[in-house]
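The values are calculated or read from the model by the stated rules, or taken from the named source; none is laboratory data. A quick note: this is a predicted structure, and the numbers were derived from the prediction, not measured. Cβ placement follows ideal geometry from the backbone for every residue including glycine, while neighbour counts extend to all protein chains displayed.
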Number of protein chains: 2
Amino acid sequence: MTASQVPPTSRTKLRRKSDRGRYDRETIDGILDEALVCHVGFAVERRPWVIPTAFARVGEHVYLHGAVGNFALRTLAGGAEACLTVTLVDGLVLARSAFHHSMNYRSVLLFGHAAAVTDDDEKRAALLAIVEHMVAGRSRSTRPPTAQELRSTLVLRLPIEEASAKVRTGGPIDELADYELPHWAGVVPLSLVQGEPQRDLASAPPGG
Amino acid sequence: MTASQVPPTSRTKLRRKSDRGRYDRETIDGILDEALVCHVGFAVERRPWVIPTAFARVGEHVYLHGAVGNFALRTLAGGAEACLTVTLVDGLVLARSAFHHSMNYRSVLLFGHAAAVTDDDEKRAALLAIVEHMVAGRSRSTRPPTAQELRSTLVLRLPIEEASAKVRTGGPIDELADYELPHWAGVVPLSLVQGEPQRDLASAPPGG
């Protein structure tokens, strides 16, 4: 299978450590699909904002959602450009030298303009995709949104058109002379692990 | 102990779900100290960038580092305002309704202007703090930076002056009528777990 490529632009083409750059959709989509949250950046009068939020990829788009009054979503829907960044940390890279310490990671930067989704079917599909993104299969085991819940939710669609991934893997890379040092060097793998599910036994909302 | 407070500003005061807002340094520092990476946002001619990077807090400041040619660091050192965001995801909150699905998380937003660190002692201390932030005690078991390595590294200092934390904990909060639904509801805890350290047995740099 030939993976489709996202053409690098002046913003997405890696200038430094360019061997870590990836522009194929298979890599980009894999990172987007694995990460639970993204960090969405935008500027209001040159002042930056970076907001963590849930999201989901559906085909060629990333979907975001929130209350209709949500400041970040309203700003984006109003035309502010977005930089949506997703990062998975895979390991601590401990080198013999402080200088060459690093991390193994996989990240995606996605630039673009988001649009508010107005079609109710697309909106429902996006909201269920965000639930599916948390736990696969979950959207069939939960009450779907009502018309009122749909109206109170703002859903944005961001196309995956200007994007790149950056990937570091492997062990530390030290200076030749440092390999004689006695310091432990290697990788401490990291992974986000699910604990035992804790069932909610309440029969009414807290305080309700 | 009375925790010191960071005075909320128009940017850091939570407008929605304000009960999730925290402005005490104990909470803010705890989140900064636990998170391995931050997402730094800035704007260049109204176009946003969000870059994941390592960091460390030392007292009243957060330190960032990278190569002297690093685009993000140079932009920040040149006067662009920063929004540094840190997010810890603690759990998936599965509600009886799709609408009330959520996540448990702890996040910090820190706004400000970063300055390049020019004092060599402060620079060394910041670089070792970034190593310590990865693995406590590690800075004593690695070769410290040489003068040349120091010169080739740009270190930025960002004061913790305009900051807030946001914290969600606990189970799902559904609509009263939905508590009768048969759907499983509760929390799936998430944590970033270290795997077995993998020692680097190389005696020279890969390909070197």
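List of remarks:
- The listed residues are B:G78, B:G112, B:G41, and the only one of them that is more than 10 Å from every other protein chain (Cβ to nearest Cβ), closer than 30 Å to A:G79 by Cα and either of a type in the set (A, V, I, L, M) or crowded, with 19+ Cβ neighbours inside 10 Å (or both) turns out to be B:G112.
- Restricted to segment A:145-172, and to residues there that are surrounded by fewer than 18 Cβ atoms within 10 Å (Cβ to Cβ), over 24 Å from the mean Cα position of the chain (by Cα) and facing chain B (nearest Cβ under 8 Å), the residue that is nearest to A:A116 (Cα to Cα) is A:E149.
- Pairs linking a residue in segment B:189-208 that is closer than 30 Å to B:S102 by Cα to a residue that is in a loop (DSSP other than H, G, I, E, B), with Cβ atoms under 9 Å and 6 or more positions apart or on different chains, are B:P189/A:G195; B:P189/A:E196; B:P189/A:P197; B:L190/A:L36; B:L190/A:G195; B:S191/A:G195; B:L192/B:L36.
- Put simply, of B:D33, B:D120 the only residue that is among the charged types (D, E, K, R), surrounded by fewer than 23 Cβ atoms within 10 Å (Cβ to Cβ) and touching a residue at least 40 places away in the same chain (Cβ under 8 Å) is B:D33.
- Selection from segment A:173-187 of residues that are over 22 Å from A:V86 (Cβ atoms) and at the interface with another protein chain (Cβ under 7 Å from one of its Cβ atoms): A:I173, A:D174, A:L176, A:D178, A:Y179, A:L181, A:H183, A:W184, A:A185, A:G186
- For B:L128, the conditions (1) touching a helix residue (DSSP H, G or I) at 6+ places or on another chain (Cβ under 8 Å); (2) free of Cβ contacts under 8 Å to residues at least 12 places away in the same chain; (3) closer than 27 Å to A:P182 by Cβ; (4) aliphatic (A, V, I, L, M) are fulfilled apart from (2).
- Apart from one condition, A:S97 fits all of (1) modelled with pLDDT of 95 or more; (2) within 30 Å of A:R124 (Cβ to Cβ); the exception is (2).
- Flag for A:S107 being within 11 Å of another protein chain (Cβ to nearest Cβ), surrounded by fewer than 20 Cβ atoms within 10 Å (Cβ to Cβ) and under 23 Å from the mean Cα position of the chain (by Cα): no
- For segment B:91-99, the criterion of a residue being under 22 Å from B:V193 (Cβ atoms), more than 7 Å from every other protein chain (Cβ to nearest Cβ) and assigned to a strand (DSSP E or B) is satisfied by at least one position.
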